[in-house]
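Novice: Could you have a look at this structure, given as structure tokens, before my questions?
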Amino acid sequence: STPGLRQLAARIRSPNVATTRRSLARGVIGPRAAERAPDGFFEVVHEGMRQPGFRTAMLSHMGLAMRLGRPRPENFLSDGELRQLTVPVLMIWGDEDPYGGPEIGQRACALLPDARIEIIPGRHAPFLDDPERCGALIDELLRRAAMTYPPA
């Protein structure tokens, strides 16, 4: 998200699948998630990175999300906005998420009327770190939501 570096990053070739896996293991998803992820996951990520519009889209996304390496304040919901959300919310958060620690989700959960946070050991991909637990948590949320909001 730093001007100048953005253009440089756009010129770098997409890595091969093995490099993509190693890079994600060292970075955003962490080694445990990278080890547990099926090979197909990295093939899909790699192929996505090779698409003609990927770099432009990613740089645009990062520019909208970040400014000079920090999250843009205009992307945060206010306390009042959080208090108005009445649907059940479940946050599944890696305890070492590089984009922000669980305290961000804990703060939001304290303001949301019907929310909880589950913290899982890992980084930014708890669904890869512990897919069974994530699946069970999501199933429970959906059952609870179905009782609260039955189909019309």
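The values are calculated or read from the model by the stated rules, or taken from the named source; none is laboratory data. Worth saying up front: this structure is predicted, and the values here are computed from it rather than measured. We place every Cβ from the backbone using ideal geometry, glycine too, and count neighbours over all the protein chains shown. Ligands, DNA and RNA are stripped out before the accessible areas are found, and what is left, the full protein with its side chains, is counted by its heavy atoms. Shrake-Rupley method; radii C 1.70, N 1.55, O 1.52, S 1.80 Å.
Novice: Filter segment 107-144 for residues that are touching a helix residue (DSSP H, G or I) at 6+ places or on another chain (Cβ under 7 Å) and acidic (Asp, Glu) and give the result.
Specialist: Residues satisfying the conditions are GLU118, ASP129.
Novice: Quick one: which residue in LEU8, LEU59 is at pLDDT below 85, over 30 Å from ALA145 (Cβ atoms) and out of contact with any Asp or Glu (no Cβ under 9 Å at 6 or more places or on another chain)? First the steps, then the outcome.
Specialist: On the way: LEU59 fails: at pLDDT below 85.
From the options LEU8, LEU59, the qualifying one is LEU8.
Conditions (1) modelled with pLDDT under 95; (2) open to solvent by 30 Å² or more (accessible area, probe 1.4 Å); (3) farther than 24 Å from GLY135 by Cβ, marked per residue:
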{"site": "LEU64", "(1), (2), (3)": "yes, yes, yes"}
{"site": "ARG72", "(1), (2), (3)": "yes, yes, yes"}
{"site": "PHE76", "(1), (2), (3)": "yes, yes, yes"}
{"site": "ASP79", "(1), (2), (3)": "no, yes, yes"}
{"site": "ARG83", "(1), (2), (3)": "no, yes, yes"}
{"site": "LEU90", "(1), (2), (3)": "no, yes, no"}
{"site": "GLY94", "(1), (2), (3)": "no, no, no"}
{"site": "GLU103", "(1), (2), (3)": "no, yes, yes"}
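Novice: Could you grab me the full set of residues in segment 31-84 that are touching a residue at least 60 places away in the same chain (Cβ under 8 Å) and assigned to a helix (DSSP H, G or I)?
Specialist: ARG32, ALA33, ALA34, ARG36, PHE41, MET62, GLY63, ALA65
Novice: Further question on the same structure: I'd like the full set of residues that are among the basic types (Lys, Arg) and not in a helix (DSSP H, G or I), limited to segment 105-152. Working first, answer last.
Specialist: Taking segment 105-152 first, the residues among the basic types (Lys, Arg) are 107, 116, 123, 133, 143-144.
Passing the criteria: ARG116, ARG123.
Novice: Filter segment 105-127 for residues that are open to solvent by 20 Å² or more (accessible area, probe 1.4 Å) and within 13 Å of the chain's Cα centre (by Cα) and give the result.
Specialist: ARG123, HIS124, PHE127
Novice: A further question on this structure: Any residue at all in segment 18-26 that is touching a strand residue (DSSP E or B) at 6+ places or on another chain (Cβ under 7 Å), at pLDDT below 85 and under 21 Å from ASP97 (Cα atoms)?
Specialist: Filtering segment 18-26 for residues touching a strand residue (DSSP E or B) at 6+ places or on another chain (Cβ under 7 Å) gives none.
So far as segment 18-26 goes, no, none of its residues is touching a strand residue (DSSP E or B) at 6+ places or on another chain (Cβ under 7 Å), at pLDDT below 85 and under 21 Å from ASP97 (Cα atoms).
Novice: Which pairs do you get when a residue that is over 10 Å from ILE92 (Cα atoms), found in segment 125-139, comes within reach of a residue that is open to solvent by 20 Å² or more (accessible area, probe 1.4 Å), reach meaning Cβ atoms under 6 angstrom, with the pair 6+ apart or on two chains?
Specialist: LEU128/ARG36; ASP129/ARG32
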